[in-house]
Amino acid sequence: MNNFFFRINDLHAEVEGKKILKGVNLDLPKGEVHAIMGPNGSGKSTLAQVIAGRESYEVTEGEILLEGENILELSPEERAYKGLFLAFQYPVEIPGVSTLYFLKTALNSIRKANGLDEVDTYEFMALAREKVKEVGLDEDFLKRPVNWGFSGGEKKRAEIFQLLILQPKLAILDETDSGLDIDALRIVAKAVESMRSKERSFLVITHYQRILNYIKPDRVHVMVDGVIAKSGGFDLALELEEKGYGWIEKELTFAGGRDL
Amino acid sequence: MAQEVHNDIEQLVKKEYTAGFYTNVEQEVFPPGINEDIIARLSAKKGEPEWMLNWRLKAFRIWQKMKEPHWANVHYDPIDYEAISYYAAPKKRPKSLDEVDPEILRTYERLGIPLHEWEKLAGVAVDAVFDSVSVATTFQKQLEKMGIIFCSISEAIQNYPELVKKYLGTVVPPNDNFFAALNSAVFSDGSFVYVPKGVKCPMELSTYFRINARGTGQFERTLIIAEEDAYVSYLEGCTAPMRDENQLHAAVVELIALDGATIRYSTVQNWYPGDKEGKGGIYNFVTKRGLCAGENSKISWTQVETGSAITWKYPSCILKGDNSVGEFYSVAVTNNFQQADTGTKMIHVGRNTRSTIISKGIAAGKSQNTYRGLVKIMRNAEYARNFSQCDSMLIGNECGAHTFPYIEIHNPTAQMEHEATTSKIGEDQIFYCNTRGLDTEEAVALIVNGFCKEVLQKLPMEFAVEAQKLLEISLEGSVG
Ligand SMILES: Nc1ncnc2c1ncn2[C@@H]1O[C@H](COP(=O)(O)OP(=O)(O)O)[C@@H](O)[C@H]1O
Ligand SMILES: [Mg+2]
């Protein structure tokens with residue numbers, strides 16, 4: 001038994017025979033916010049989906065430990081019961097299923113698995129009404145089918161709305177900032193900030209440094225070609241913004257530490 | 001005094017007849033095979049008047065000249081009509097729930113059906129469930145006061161011969177098709193509903209509330225008549241899987257709506273679909289048709305079809321009255337080796353007639369799911385309108401969904417709209433639900449229910465909830 005909250009050791013994963021993650025190591029203590037930055041195609045979303053348990057990605061090596069337990073053996077829903085949440089880069093549409101019903105079912109499945117009483121429709125309505133406002137969406141969204149016909153920005157807000165409802169221990173935000181204008185970004189960031197606590201950790205995946213001005217990370221990791229190539233403080237994000245990712249890629253090659 | 005004695009005797013005779021009837025049912029099974037003699041015996045068993053026997057015999061002679069149709073997109077071994085016993089005597093029933101397949105009981109449990117109803121559903125040989133009998137009696141009294149007749153068709157033949165004679169076979173004549181002819185010759189029982197002019201039936205009528213509903217058997221015959229400005233909503237079937245050892249079911253349902261009348265007919269069909277290897281299961285060959293005879297009349301079919309090994313069923317509307325409206329809302333689910341070929345026909349005869357078709361087909365396992373629909377606009381149907389939407393959803397790679405929309409237009413003022421989609425339940429949709437704490441089966445049920453929502457909404461409330469659960473159970477194990 002160790003004291004780490006969330007830890008990834010030497011994670012390798014591939015899809016359709018193509019190696020995407022090539023030995024990811026990461027250590028996210030409880031209560032901290034870490035950012036993962038990196039160029040497009042470097043494997044950020046793959047990492048997020050592997051953590052959440054997507055079966056189409058095959059893990060060939062390594063482990064993912066949540067509070068000391070290797071969650072690779074668990075199904076995605078079991079990981080959700082353990083307090084894991086992924087805000088998708090591309091949220092999925094479910095026609096005909098109202099957001100309200102979907103989320104109530106989700107919340108109650110998670111509560112039930114944790115031995116808690118189910119929340120009834122009235123309590124849930126009240127909760128949902130309150131939270132939906134926090135992400136700047138209209139109450140009507142609760143009645144609309146899950147992500148169905150939502151604009152890109154609405155989908156991202158809706159993911160954060162789900163986050164607010166489900167109150168996970170570990171939240172992974174996959175490019176929640178992309179496609180949001182500055183006002184929406186502020187609203188989303190504020191909602192996330194309101195969730196920040198000693199008991200909750202965040203992994204904020206982003207392509208741009210912009211969102212990190214609002215959600216200040218404790219640490220920044222840079223992913224390049226399936227590995228965490230560099231880690232540092234908030235300064236690293238600023239440096240990346242200024243210089244781009246090229247120099248890290250060069251540094252990697254130069255170090256010769258691994259095959260590219 | 002004399003009158004009293006007479007009544008007593010009548011009571012006695014009736015009682016004996018009833019008792020005798022049931023004892024006979026338990027013991028007697030007709031030898032397999034179909035001929036005029038068998039039909040005569042069947043008719044006699046039911047104590048039918050001569051005109052009814054003649055009607056059956058005429059149908060039988062028509063049937064003999066017909067050939068079994070094979071145009072539907074279903075495949076099955078030839079049916080041997082000489083191997084069937086045409087007297088719908090209940091076969092050996094289980095004596096207690098201990099003798100019933102535990103799998104069926106588990107389904108009842110999951111559907112949330114109260115324990116005291118299990119025996120009835122499983123066909124356990126108990127003398128009817130007293131609760132529901134008394135409920136049924138109360139309801140019938142209330143209906144009677146309003147002039148509504150709701151009884152078995154056998155009773156109607158005895159008690160309301162004029163009505164039966166006037167309407168039976170007017171919408172689905174015996175020569176309509178092979179199975180309709182067979183049904184006309186040998187129909188076992190079914191429901192009869194008559195709602196008089198201007199009366200709105202205050203409750204959903206379901207076979208559940210009809211005394212004697214049990215054992216309507218394999219050749220069910222239902223006749224519903226709504227007179228001018230009358231309204232009735234009828235529920236057929238049950239979400240619980242019905243145990244039945246008869247493989248061939250060939251029902252006929254006829255609806256007649258006069259001026260300004262509305263008939264809503266909802267079905268949940270969950271006959272035994274066969275096992276996971278495709279063995280056994282009911283062949284469900286049904287002819288259902290409604291006649292919007294009067295102006296401004298409306299007939300609305302809603303069906304949720306999840307059972308049977310083979311379904312061949314096209315609830316249809318003949319829109320004869322001007323401004324009449326026909327609707328068809330359907331969910332058909334097939335899993336494992338099930339085959340369904342279902343849809344509707346909307347025949348526009350009158351002016352300004354309108355029809356709506358919404359069909360949702362869901363195929364899983366190795367099943368085949370076909371929508372087949374005809375919209376026909378006749379020459380005098382000025383300004384007829386139709387909207388059709390046929391959506392198919394596939395679960396897995398081994399099933400098939402097919403859509404055959406036929407359109408025949410003989411009047412240039414017709415307005416037609418047709419939409420069709422085919423989708424697959426996406427791995428991404430299931431994963432998304434999984435990450436929110438729903439297991440895969442819950443996820444599939446949720447996605448499918450969402451897909452069918454427009455149709456499920458058309459069902460009466462209590463039916464809709466059950467139907468949702470039913471979809472979930474029908475698709476159990478269909479994904480990974
Ligand atoms: N399902 C998949 N099938 C094939 N290739 C994939 C799949 N998912 C991701 N990839 C590939 O893996 C690489 C990393 O993608 P991704 O994790 O989405 O990167 P990022 O989120 O950093 O932009 C890309 O080259 C992408 O094309
Ligand atoms: Mg990505």
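Read-outs throughout are calculated quantities, based only on the coordinates presented, and are distinct from any laboratory measurement. Small disclaimer: the values here were computed from a predicted structure and weren't measured. A quick note on method: Cβ atoms are made from the backbone with ideal geometry, for glycine too, and the neighbour counts reach across all protein chains shown.
Values computed for the structure shown
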item	result
Fraction of antiparallel bridges per DSSP, chain A only, in percent to nearest 5	60
Net charge of neighbours whose Cβ lies under 11 Å from the Cβ of B:Gln368, counting Lys and Arg as +1 and Asp and Glu as -1	-1
Residue among A:Phe4, A:Ile182, A:Val224 farthest towards the positive dipole end of chain A, charges placed on Cβ	A:Ile182
Only Lys, Arg (+1) and Asp, Glu (-1) charged, at Cβ; the stretch B:265-346 dipole about Cα centre in debye	120
Of A:Lys104/B:Lys279; A:Lys19/A:Lys230; A:Lys190/B:Lys469, pairs whose Cα-Cα distance is over 29 Å	A:Lys104/B:Lys279; A:Lys190/B:Lys469
Prolate/oblate/rounded label for chain A (Cα gyration tensor, a/c 1.5)	prolate
Leading residue at positive end of dipole, the stretch B:393-466 (Cβ point charges), from B:Gln415, B:Tyr432, B:Pro460	B:Gln415
Amide H within-cut-off set for B:Asp189, under 5 Å, with H built and near neighbours excluded	B:Phe219, B:Arg221
Shielding by partners, peptide B:443-454 (average Cβ within 10 angstrom, other chains)	4
Simple Cβ-charge dipole of the stretch A:6-254, Lys/Arg +1 and Asp/Glu -1, about Cα centre, in debye nearest 20	380
Cross-link partners of B:Lys58 among lysines (Cα-Cα below 29 Å; sequence separation of 8 or more within a chain)	B:Lys45, B:Lys46, B:Lys67, B:Lys91, B:Lys165, B:Lys166, B:Lys288, B:Lys313, B:Lys320, B:Lys345
Dipole of the stretch B:317-425, positive direction: furthest Cα of B:Gln339, B:Asn380, B:Ala401, with charges on the beta-carbon	B:Asn380
Whichever aspartates and glutamates have a C-alpha closer than 12 Å to that of A:Lys44, once near sequence neighbours (fewer than 8 apart) are set aside	A:Asp174, A:Glu175, A:Asp225
Links that overshoot a 19 Å alpha carbon limit, given the list B:Lys145/B:Lys200; B:Lys197/B:Lys298; A:Lys30/A:Lys156; B:Lys145/B:Lys197; A:Lys22/A:Lys216	A:Lys30/A:Lys156; A:Lys22/A:Lys216
Other-chain or far-sequence residues with amide H under 5 Å of B:Gly281's (modelled H)	B:Gly274
3J(HN,Hα) from dihedral phi, the stretch A:65-78, Karplus parametrisation 6.51/-1.76/1.60, rounded to Hz, x for glycine, proline	10, 10, 6, x, 9, 6, 7, 4, 7, 8, 6, x, 5, 5
Rounded Å value of the spacing that divides the Cα centres of the stretch A:152-190 and the stretch B:337-388	44
Distant-in-sequence amide H partners of A:Ile172 (H built 1.01 Å from N, under 5 Å)	A:Phe85, A:Leu86, A:Ala87, A:Leu203
